[in-house]
Amino acid sequence: MTLLEFKDLHVTYTGSRGRIPAVRGVDLKVESGRTLGIAGESGCGKSTLAMAVLRLLPKSAEVTGEILLNGEDLLTMGWGRLRAVRWTGASIVFQGAMHSLNAVHRIGRQVAEPILLHEEGISPNEAAERAEALLERVGLPSSRARSYPHELSGGQRQRVMIAMALACDPDLIIADEATTALDVMVQAQVLQLISGLVTERGVGLVMISHDLSVLSEVCDEVAVMYAGSVVEQGPAHEVFANARHPYSAALGAAFPVIGDPASRKRPGGLAGDPPDPVRLPDGCAFRPRCAVAVERCGEEVPALLAVPGAAGEGPARVSACFVAQEGEPVVV
Amino acid sequence: MTTTTPVSPRSLRWARRRQSFTRSWNAYRSQRTGMIGLFLLAAIVILALAAPILVDESQLSVTQATGGRMEPPSAGFPLGTDEVGRSILALTLWGARLSLLIGLTATVVAILVGTAIGVTAGHIGGWYGWIALRFSDWFMVLPSLVVAIALLAVLGRSMSTTILVIAMVSWSGTTRLVRAQTLTVQARPYLERAKALGAGHWHQMTKHILPNVLPLVLASATLLVPSAILMESSLAWLGLGDPNVVSWGSILNRASSNGAVSAHAWWYLLPPGLAILLVVLAFMMCGRALEAVFNPRLRGEQS
Amino acid sequence: MSSEARSSNEEPSSGSAPSSAAPVRGEKSLTARDLRVEFGLPGGRVARAVDGVDLDVAPGEIVALAGESGCGKTTLARTLLGLERSTGGTVAFGGEPLRYSTKALKAYRRQVQLVLQDPSGALNPRHTVYDAVAEGLRIHGITDDEPGRVADALSRAGLRPPEQFFLAYPHELSGGQRQRVVIAGALVLRPSILIADEPVASLDASVRGEILALLLRLKEEQGLGALVITHDLGLAWSIADRIAIMYLGRIVEQGPVEQVLTAPRHPYTRALVSVLPGAPALKEAVPEPIVLAGELPDASRIPGGCRFRPRCQEVAAGRAAEVLHRCESEDLEILGPESAPHLVACHLDRARREDARDGGARMAV
């Protein structure tokens, strides 16, 4: 069943420098019990996408298109309905969210708060019990409910944030760089926890990260975003191991595979910087940094089309690259 | 970044400075109160500077006074006269010179001392920092007017002692502010980088800390000037000013000691009083606007 | 993939530059011996942030120092730079122990330079690129041909043509360009060793490779030595020659990157490597992801015996039963920097090696 669907979503901010297109026509789908990874660098629009789901964008943002959650359009929904959806339908764990805990309240109370707010007829005691159970689910002893945020480490606080996101049994969890600030081992712990939740409870998960290697381990499917658009989409490990867009290839190469002699002492990367969203180049937005660009790339914007050599089972493999669509290699 | 090859680095650096000044000026200009304050201040300063042209110094002399005793405003004396027949307008104009001079000089001295102690206390820290901090705390809690009166009584009444005394009771606030800002700048990674490059204390303080502290100091200085002017007026009103010069405070002092209140000679009291109010207001308005321009918490770190 | 990095790898420059990747030990290498840094905490406790470290960095090699946050790696870097005083052991450059007089430190800093994690914070927002790079020259009173030296440093750091960047302010540059400016500011003094603390952690993924390729090129073409401090083992795989894994103030495993990362022997390294996406060869060495429970203990409460024992998966699984008494009571000796290529501070590993050797000897008899 399709849980979340973006249909031709555009988000444009209006700032002092004029109109800034942050998301430019994104179509994505997430099924229940499946994990979609969204990869990209800062400024590619991936966080805007996450915020748009719960309508957390600033007022200056102009949003067009549709975001369907269980078939309901979130963009046209009334505030009362939206408020309910914000915890029970979908919840977000942000990057650095561990800093957003209230320093003067005990952990238990903060986890219980959304339960009390969103579930009618629940007593404070029941809510507190639920909160303790949730903390145990995320691998924290229930005695931690009586701690204050400063008594916990970064990883523990991030677990608390996940517990809060789970408080009202949402159908969809969006994790926006939820593990980026954490150490390798703690990150592994949190990732294990998140994937466990997906398989156990059948929730849908959208995982946003710049680290394609992490996404390839955790997700079923990955969409790579560049300058506000999806440039490649397909099964996670295939996008990572055998990219069909030069940008995904470069992003993947930024995270070397340990033990692979091909990446030993060959740091991958791209020359240049992500484009300024106010002055996007003509044609393909990636062309100025692209090593395989052809003449056509400067003239037309490539659409996201199926690429050859990717037929068969699993999610469709699509790429917005003329070179890849011709079946040519995208890596020099 | 993509500027063409520089003609001469120095000239371009100046162009850069001009550019950043323009940016600050535009930010300042967008604040209505700041602009009102600036116009007011400019008017007062021009009047004070032009006082010798507008009014001859001889009009201040007690012996050459032409008016009668405490005459109400008239065509000859638009603001009336004092107890010996001098024009209040002339006195107020000339008083502006002294009040501003004392206010500004005392502020400059206080700021210099306060900044020096604040930066060193924040940067060097340790025992020195602790002692400097206690010392400034001590000055902060002293009742400034009482201390000023006591000091003036001991040191004798003159313009320079007045300046010194005012500076002495007002440097501690700057020290506090500068020390706090120094500590924030100190925590920035670029100081760590400078240290790793081998920078000594002097380099760190002059190249990194001071440039980042100065804008705030400037903003606080504009707020310190009015309090210095008020302090000078209070001291002069109490009869502790330099007896040989005219300031707004000393006009008020003479007015009250010569019974202007009981004589209902409002023209004697009002002009210097209003002048003090206006100057203080003007400086305050400028200071608040500057603070909004420079305070990194209200604006971005950059520029 | 960066074409620059490739070309420098595949076609060793035939010029006069010391292009051989072999590190030049001795005269200009940085050495730490039994280095200790302790901090007093409120309540009289003492945090042993660095608890006995031997480390060598020579010109012409890149050494990665990896570990979780709180393991003491940043304190170690600061101490190597003389920004923090050691409470025991020595830091030496070219065999000369580091002295902390202002003059000695200043001379030392012409040789050993720092690159910080966050280039946005490492540059004074009020200084132009030129001023930021020239700062080192001014501090050290080098006045001849300042613009030339600055231009040279900028172009060595890959900002070309350098004159275009002279008057830019940090906020006008991209993150990658800023980090290059920071590197240029360190290079301008022509140091022999760079200490880079998470040099790419705050940069965008696609820009990271460029900065790493730059470090690699500086090493290969100009014989620069670098100590790269990181929590990212992939970074070590990308550029480092040797790697030291740090846990709670001490190095627990060190050796050539290929050996340490593809055949890790310390349980902690094995766990770290196991949770990373790896190549098939690696999956053979460490088949299952080992997710350690708990977190790094406080540096003021370092467990007795082997410091890793409370979290050790081998101990937890009972595989270390025969050496457990030693794990519980015997602290492991500090790993010497050079006595053997691949060193591991683990009782279990030692016992297994001995068994293997004995077994081998018996077979031979």
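The values are calculated or read from the model by the stated rules, or taken from the named source; none is laboratory data. Since we're looking at a predicted model, the values are computed, not measured. Glycine gets a Cβ as well: all are built from the backbone with ideal geometry, and neighbour counts include every protein chain shown.
Within segment C:108-129, the set of residues being facing another protein chain (nearest Cβ under 8 Å) and small (Gly, Ala, Ser) comprises C:Gly121, C:Ala122.
When restricted to residues that are under 27 Å from A:Gly154 (Cβ atoms) and either within 8 Å of chain A (Cβ to nearest Cβ) or more than 24 Å from the chain's Cα centre (by Cα) (or both), segment C:262-285 contains 7.
Here A:Val53 meets each of (1) more than 14 Å from chain C (Cβ to nearest Cβ); (2) under 19 Å from A:Pro275 (Cα atoms) with one exception, condition (2).
Selection of helices (runs of 4 or more DSSP H) fully inside segment C:248-336 by the criterion of at least 1 residues being modelled with pLDDT of 85 or more returns C:257-262, C:267-274, C:313-316, C:324-329. Looking at this structure, is A:Leu193 within 13 Å of chain C (Cβ to nearest Cβ) and crowded, with 21+ Cβ neighbours inside 10 Å? So A:Leu193 fails the test.
For segment A:237-250, a residue qualifies if it is in a helix (DSSP H, G or I) and surrounded by 24 or more Cβ atoms within 10 Å (Cβ to Cβ), and the qualifying residues are A:Val239, A:Phe240, A:Pro246, A:Tyr247, A:Ser248, A:Ala249, A:Ala250. Looking across segment A:251-264, the residues that are in a loop (DSSP other than H, G, I, E, B) and either more than 7 Å from chain C (Cβ to nearest Cβ) or without any contact (Cβ under 8 Å) to a residue 12 or more places away in the chain (or both) come down to A:Gly259, A:Asp260, A:Arg264. Number of residues in segment C:158-170 that are surrounded by fewer than 21 Cβ atoms within 10 Å (Cβ to Cβ) and more than 10 Å from every other protein chain (Cβ to nearest Cβ): the value is 1. Of all the residues in segment A:265-291, those that are of a type in the set (Gly, Ala, Ser), at the interface with another protein chain (Cβ under 10 Å from one of its Cβ atoms) and under 19 Å from A:Pro302 (Cα atoms) number 1.
Just one residue in the set B:Thr120, B:Thr107 is touching a residue at least 60 places away in the same chain (Cβ under 8 Å) and under 22 Å from B:Ser234 (Cβ atoms); that residue is B:Thr107.
Inspection of segment A:200-212 identifies no residue that is more than 25 Å from A:Ala241 (Cβ to Cβ), touching a residue at least 12 places away in the same chain (Cβ under 8 Å) and within 14 Å of chain C (Cβ to nearest Cβ). Residue-level check: of (1) of a type in the set (Val, Ile, Thr); (2) in contact with a strand residue (DSSP E or B) (Cβ under 6 Å, 6 or more places away or on another chain); (3) surrounded by fewer than 22 Cβ atoms within 10 Å (Cβ to Cβ), A:Val93 misses just (3). Any residue at all in segment C:141-157 that's within 14 Å of chain A (Cβ to nearest Cβ) and surrounded by 16 or more Cβ atoms within 10 Å (Cβ to Cβ)? Taking every residue of segment C:141-157 in turn, none turns out to be within 14 Å of chain A (Cβ to nearest Cβ) and surrounded by 16 or more Cβ atoms within 10 Å (Cβ to Cβ). Only one entry of C:Ala186, C:Ala213, C:Ala240, C:Ala205 meets the criterion of being facing another protein chain (nearest Cβ under 10 Å) and touching a His at 6+ places or on another chain (Cβ under 6 Å), and that entry is C:Ala205. Here C:Leu173 meets the list (1) facing another protein chain (nearest Cβ under 8 Å); (2) over 17 Å from C:Gln117 (Cβ atoms); (3) out of contact with any Asp or Glu (no Cβ under 9 Å at 6 or more places or on another chain) almost entirely, failing just condition (2). Conditions: (1) surrounded by fewer than 22 Cβ atoms within 10 Å (Cβ to Cβ); (2) modelled with pLDDT of 90 or more. B:His208 meets all but one. Number of the miss? Single failed check for B:His208: (1). State which residue is surrounded by the fewest Cβ atoms within 10 Å (Cβ to Cβ) when the search covers only segment C:286-295 and only residues that are more than 8 Å from chain A (Cβ to nearest Cβ) and not small (Gly, Ala, Ser). Among those that are more than 8 Å from chain A (Cβ to nearest Cβ) and not small (Gly, Ala, Ser), it is C:Glu288. Considering only segment A:101-128, how many residues are farther than 15 Å from A:Ala167 by Cβ and either among the aliphatic types (A, V, I, L, M) or touching a residue at least 60 places away in the same chain (Cβ under 8 Å) (or both)? The qualifying residues number 2.
Flag: A:Ser248 matches the condition of being under 20 Å from C:Ala213 (Cβ atoms), within 13 Å of chain C (Cβ to nearest Cβ) and in contact with a helix residue (DSSP H, G or I) (Cβ under 9 Å, 6 or more places away or on another chain).
Please work out if A:Glu232 is outside any helix (DSSP H, G or I), under 22 Å from A:Glu328 (Cα atoms), of a type in the set (D, E, K, R) and more than 9 Å from chain C (Cβ to nearest Cβ). Yes.
Matching residues to (1) more than 27 Å from A:Phe240 (Cβ to Cβ); (2) surrounded by fewer than 20 Cβ atoms within 10 Å (Cβ to Cβ); (3) in contact (Cβ under 8 Å) with a residue 24 or more places away in the chain:
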site	(1), (2), (3)
A:Asp27	no, yes, yes
A:Gly37	no, no, yes
A:Leu49	no, no, yes
A:Val53	no, no, yes
A:Pro58	yes, yes, yes
A:Gly65	yes, yes, yes
A:Glu72	yes, yes, no
A:Arg83	yes, yes, no
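Taking segment C:85-107 as the range and being away from every other protein chain (no Cβ under 11 Å) and buried (at least 17 other Cβ atoms within 10 Å of the Cβ) as the test, the residues that pass are C:Ser86, C:Gly89, C:Val91, C:Phe93, C:Leu98.
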